[in-house]
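The values are calculated or read from the model by the stated rules, or taken from the named source; none is laboratory data. No experiment lies behind these values; they were computed from the predicted model shown. Glycine also receives a Cβ, built like all others from the backbone with ideal geometry; neighbour counts cover every protein chain displayed. Quick note on the areas: whole protein, heavy atoms, side chains included, nothing else; ligands and nucleic acids left out. Shrake-Rupley method; radii C 1.70, N 1.55, O 1.52, S 1.80 Å.
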Amino acid sequence: MVGAIGLVVAVVMFVDKAEDIVTNLTWSAEDWRRVFAPDVADLIVRSMPPLGWRIFSAAAEMGLAVLLFVGAIALRRRRRSGVSLCRTWAWLAIVWVVAVMAWVLWWLSRYQGEIPGISHIAWQGFVVFGVVVAFVVLLAWPIFLLVWFGRPDIRAEWEEWPA
């Protein structure tokens with residue numbers, strides 16, 4: 001079951017980041033204005049990180065998705081290498097999420113007060129709420145995997161699997 005869930009998580013991650021790359025390469029300011037109010041769209045376009053960083057970030061996350069996918073397949077085949085790959089993925093994912101969320105907090109703090117109708121304090125509340133939700137969602141699976149594979153009964157089972 002853990003391997004099956006890992007496959008789903010990996011595919012969703014990969015597809016999401018592939019879509020991010022397509023959006024980053026094809027969307028213009030006018031596309032953002034069709035989705036958001038003009039002031040918000042202008043802020044989004046103006047505040048986006050450089051295209052190179054956005055592509056690198058999406059590609060790195062796609063690489064993480066591939067690592068999880070390979071590990072989850074090995075888990076489904078009851079191979080110890082699947083546990084090692086999934087644990088490696090979990091630690092890398094945790095480091096990546098913490099680094100990206102720290103950067104996001106810094107980045108978003110630069111733009112507080114620039115959206116008409118949203119006060120400084122309201123902006124900070126939205127940012128903190130969003131980052132906390134992101135942490136919970138993005139760290140749930142990696143932390144679960146580390147805890148799950150560390151349980152003595154589960155460890156005893158996977159240590160008997162072929163490499």
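Taking the range 17-49 as the search range and keeping residues that are of a type in the set (Asp, Glu) and either open to solvent by less than 50 Å² (accessible area, probe 1.4 Å) or within 24 Å of Met62 (Cα to Cα) (or both), which one is modelled with the lowest pLDDT?
At the first step, the residues of the range 17-49 found to be of a type in the set (Asp, Glu) are 19-20, 30-31, 39, 42.
Of the ones still in play, those that are also either open to solvent by less than 50 Å² (accessible area, probe 1.4 Å) or within 24 Å of Met62 (Cα to Cα) (or both) are 19-20, 31.
Numbers: Glu19: 94, Asp20: 91, Asp31: 87.
Only one residue fits best here, namely Asp31.
Here are some conditions: (1) under 30 Å from Leu85 (Cβ atoms); (2) without any contact (Cβ under 8 Å) to a residue 24 or more places away in the chain. Val9 meets all but one. Which one does it not meet?
Just one mismatch for Val9, condition (2).
Here are some conditions: (1) part of a helix (DSSP H, G or I); (2) at pLDDT below 90. Gly52 meets all but one. Which one does it not meet?
(2)
Of the conditions (1) open to solvent by 50 Å² or more (accessible area, probe 1.4 Å); (2) charged (D, E, K, R); (3) in a helix (DSSP H, G or I), Arg78 clears all except one; give me its number.
For Arg78, the failing item is (3).
For Leu108, are the conditions met, namely being in a helix (DSSP H, G or I), among the hydrophobic types (A, V, I, L, M, F, W, C), free of Cβ contacts under 8 Å to residues at least 24 places away in the same chain and surrounded by 17 or more Cβ atoms within 10 Å (Cβ to Cβ)? Show your work before the answer.
Details: in a helix (DSSP H, G or I): yes; among the hydrophobic types (A, V, I, L, M, F, W, C): yes; free of Cβ contacts under 8 Å to residues at least 24 places away in the same chain: yes; surrounded by 17 or more Cβ atoms within 10 Å (Cβ to Cβ): yes.
Yes: the conditions hold for Leu108.
Search the range 125-163 for residues being aliphatic (A, V, I, L, M) and within 13 Å of Gly82 (Cα to Cα), and hand back the single one that is surrounded by the most Cβ atoms within 10 Å (Cβ to Cβ).
Restricting attention to the range 125-163, the residues satisfying the condition of being aliphatic (A, V, I, L, M) are 127-128, 131-134, 136-140, 143, 145-147, 154, 156, 163.
Still in the running and within 13 Å of Gly82 (Cα to Cα): 145-146, 163.
Values: Leu145: 25, Leu146: 14, Ala163: 7.
Only one residue fits best here, namely Leu145.
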